[in-house]
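Below is one structure, written out as structure tokens; the observations come after it.
The values are calculated or read from the model by the stated rules, or taken from the named source; none is laboratory data. Everything numeric in this text was worked out from a predicted model, so none of it was measured. Using ideal geometry, Cβ is built from the backbone for each residue, glycine included, and neighbour counts are taken over all protein chains shown.
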Amino acid sequence: MRGGAVQETILTPSELEWKEGPPALPGGAQMAVLEGDPAKKAPFTMRLRFPAGYAIPPHSHPGIERVTVLSGALNLAKGERPDKSKGKVLPAGSFFILAPNTNHFAWADEETVIQIHTRGPWQINYANPADDPRKAGK
């Protein structure tokens, strides 16, 4: 394989190390990095677990986003405003790809786990800067 050797990884669900979600997401999310480092310019795979009632305001990513819904159901809609009437319910087993800089928002009515596989560095840009949790309290 070009670019170096593949680091083999074999994990069962009980071996995942869940941690507090990234500071770029609203509180309550948990993350488990399966491979790579989302902060580096390289491929990575991570899982995000959202509690019931969780929502991510309208945002975009500078890179391609590839997401698989592993459990629960993720509601997804495109746009700069959170209009849930435009959303689509994506049950477990669903997959989506969004082009770079596509504004979208998501919410989970039940506990939901998604898996993101893309190339870092992973970044999130909120359509409304006031929604950015990294700016809370500043």
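Descriptive notes on the structure:
- The range 17-32: number of residues that are within 17 Å of THR68 (Cα to Cα) and in a loop (DSSP other than H, G, I, E, B): 1
- Some residue of the range 63-74 being within 11 Å of the chain's Cα centre (by Cα) and acidic (Asp, Glu): yes
- Pairs, first under 23 Å from ASN125 (Cβ atoms) in the range 11-37, second of a type in the set (Ser, Thr, Tyr), C-beta under 7 Å, six or more apart: GLY28/TYR54; ALA29/TYR54; GLY36/THR45
- For first residues located in the range 90-101 and over 13 Å from ILE64 (Cα atoms), partners that are at pLDDT 95 or above and lie 6+ apart or on another chain with Cβ distances below 6 Å form the pairs LEU90/VAL69; LEU90/LEU74; LEU90/LEU76; PRO91/ALA73; ALA92/VAL69; ALA92/SER71; SER94/VAL69; PHE95/THR68.
- Evaluating TYR126 against the criteria (1) surrounded by 12 or more Cβ atoms within 10 Å (Cβ to Cβ); (2) of a type outside the set (A, V, I, L, M, F, W, C); (3) free of Cβ contacts under 8 Å to residues at least 12 places away in the same chain leaves one unmet condition, (3).
- Counted residues, the range 33-54 - those being outside any loop (DSSP other than H, G, I, E, B), closer than 20 Å to ARG134 by Cα and more than 10 Å from the chain's Cα centre (by Cα): 1
Yes or no, residue by residue, for (1) at pLDDT 95 or above; (2) surrounded by 12 or more Cβ atoms within 10 Å (Cβ to Cβ); (3) touching a strand residue (DSSP E or B) at 6+ places or on another chain (Cβ under 9 Å):
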site	(1), (2), (3)
LEU11	no, no, yes
GLU20	yes, no, yes
GLY27	yes, no, yes
MET31	yes, yes, yes
LYS41	yes, no, yes
ARG49	yes, yes, yes
GLY53	yes, no, yes
HIS61	yes, yes, yes
ILE64	yes, yes, yes
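- Among the residues examined, LEU76 qualifies as touching a Lys or Arg at 6+ places or on another chain (Cβ under 8 Å), surrounded by 19 or more Cβ atoms within 10 Å (Cβ to Cβ) and not in a loop (DSSP other than H, G, I, E, B).
- Test result for ALA108, at negative phi, surrounded by fewer than 18 Cβ atoms within 10 Å (Cβ to Cβ), of a type in the set (A, V, I, L, M, F, W, C) and within 14 Å of the chain's Cα centre (by Cα): no
- Taking first residues from the range 55-83 that are farther than 12 Å from ASN128 by Cα and partners that are surrounded by fewer than 18 Cβ atoms within 10 Å (Cβ to Cβ) and among the small types (Gly, Ala, Ser), the Cβ contacts under 6 Å between residues at least 6 apart in sequence or on separate chains come to VAL69/ALA92; VAL69/SER94; SER71/ALA92.
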